[in-house]
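Beneath this line is the structure, given in C-alpha cells, with notes to follow.
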Amino acid sequence: MGASGWSYYTPYQLDIAQALQELRQRVFEAGDYQQFWLYYEVPEEVFEELDELEPQEWRQPGQQLVEAFAHVLERKHISADLPPAPQTIDEVLQRNGLDGTHSILDIDHIASHPEDSAASALPEEVLLSYCGTARPTKAMVETAASKFDLCGYLERGQGTYIIIYQDDVPSEIFFSGHSGD
C-alpha cells in the first residue's frame with residue numbers, strides 16, 4: 001500500500017507534546033484515520049454487502065462505523081457478528097497492526113530530532129528556505145506546503161511541526177508527516 005501523507009492544524013500551546021496528544025484524541029474521536037482493523041475482523045462476505053456506504057461514511061468514529069455496518073446488514077436481512085470498535089488510540093494502533101492509521105495517530109511523541117513515531121520541529125534552515133522567516137504565518141505555511149514536501153527529509157512513520165504566528169504571536173501548530181504501510 002505505501003505510506004500516506006497527512007497534515008493538521010491545532011491551536012498553539014506552549015506544551016507541544018500536550019498539543020500533539022490533544023490533536024491525536026480529536027482525530028481518534030472523529031474517526032479520521034484508516035480503520036484497517038475492520039478488514040481483519042469483519043467477515044469478508046459482510047464487505048460485499050456494504051456497497052451502500054458512501055466513501056465519507058467510512059471515515060467516522062469506529063463505533064458509528066460498526067453501527068452503520070449493522071444497519072446496512074439489518075436492511076439486507078443478513079446476520080453477522082461485528083467486532084466492537086477500538087476504545088482507545090492504543091487499541092486501534094494494536095488492531096491495525098503494521099498498516100498503521102495513515103494519520104497523526106501513528107505519531108505518539110515529540111522528539112528533538114527525527115525518529116520513529118515522533119514529530120520534531122522542522123529544522124530552522126528548512127523553515128527559512130521555504131517560508132523566508134522563522135516565524136511564518138498560516139498563509140506562508142500553506143503556500144510552502146503546497147509547493148514543497150515539508151516532510152521530504154523524513155522517513156515513513158515520522159512527522160514534523162511548525163509553530164504558526166499571527167501578529168508575531170504563536171497561534172497554531174501545523175503537524176505533517178508520512179505514516180502507514
Boolean, Ser146 is within 17 Å of the chain's Cα centre (by Cα), of a type in the set (Ser, Thr, Tyr) and either surrounded by 15 or more Cβ atoms within 10 Å (Cβ to Cβ) or at negative phi (or both) = no
Of those in region 42-57 that are surrounded by 11 or more Cβ atoms within 10 Å (Cβ to Cβ) and either among the hydrophobic types (A, V, I, L, M, F, W, C) or part of a helix (DSSP H, G or I) (or both), the residue nearest to the chain's Cα centre (by Cα) is Glu57
Give region 134-181 a look and list any residue that's farther than 21 Å from His109 by Cα, of a type in the set (Phe, Trp, Tyr) and assigned to a loop (DSSP other than H, G, I, E, B), or say none.
-> Phe148
Scan Tyr8, Tyr39, Tyr33 and give me the residue that is out of contact with any Lys or Arg (no Cβ under 7 Å at 6 or more places or on another chain) and in a loop (DSSP other than H, G, I, E, B).
-> Tyr33
Listed by first then second residue, the pairs whose first member lies in region 90-103 and is without any contact (Cβ under 8 Å) to a residue 60 or more places away in the chain and under 16 Å from Ala118 (Cα atoms), whose partner is of a type in the set (Lys, Arg) and assigned to a helix (DSSP H, G or I), with beta carbons under 8 Å and at least 6 positions apart or on separate chains, are none
Within region 1-15, track down each residue that is modelled with pLDDT of 95 or more and not polar (S, T, N, Q).
-> Tyr8, Tyr9, Pro11, Tyr12, Leu14, Asp15
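One line per residue, one yes/no per condition, for (1) within 28 Å of Tyr161 (Cα to Cα); (2) of a type outside the set (Ser, Thr, Tyr):
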residue: Gly5; (1), (2): yes, yes
residue: Tyr9; (1), (2): yes, no
residue: Glu22; (1), (2): yes, yes
residue: Gln25; (1), (2): yes, yes
residue: Ala30; (1), (2): yes, yes
residue: Phe36; (1), (2): yes, yes
residue: Glu41; (1), (2): no, yes
residue: Asp51; (1), (2): no, yes
residue: Pro55; (1), (2): no, yes
Counting just the residues of region 88-125 that are of a type in the set (Ser, Thr, Tyr) and touching a helix residue (DSSP H, G or I) at 6+ places or on another chain (Cβ under 7 Å), which one comes out farthest from Cys151 (Cα to Cα)?
-> Thr101
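Condition check ((1) among the hydroxyl-bearing types (Ser, Thr, Tyr); (2) touching a Leu at 6+ places or on another chain (Cβ under 7 Å); (3) surrounded by 14 or more Cβ atoms within 10 Å (Cβ to Cβ); (4) in a helix (DSSP H, G or I)) across all residues:
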site	(1), (2), (3), (4)
Glu74	no, no, no, yes
Ser79	yes, no, no, no
His113	no, no, no, no
Val126	no, no, yes, yes
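The values are calculated or read from the model by the stated rules, or taken from the named source; none is laboratory data. All of these numbers come straight from a predicted model, not from anything done at the bench. For neighbour counting, all protein chains shown are included, and Cβ atoms are generated from backbone atoms with ideal geometry for every residue, glycine included.
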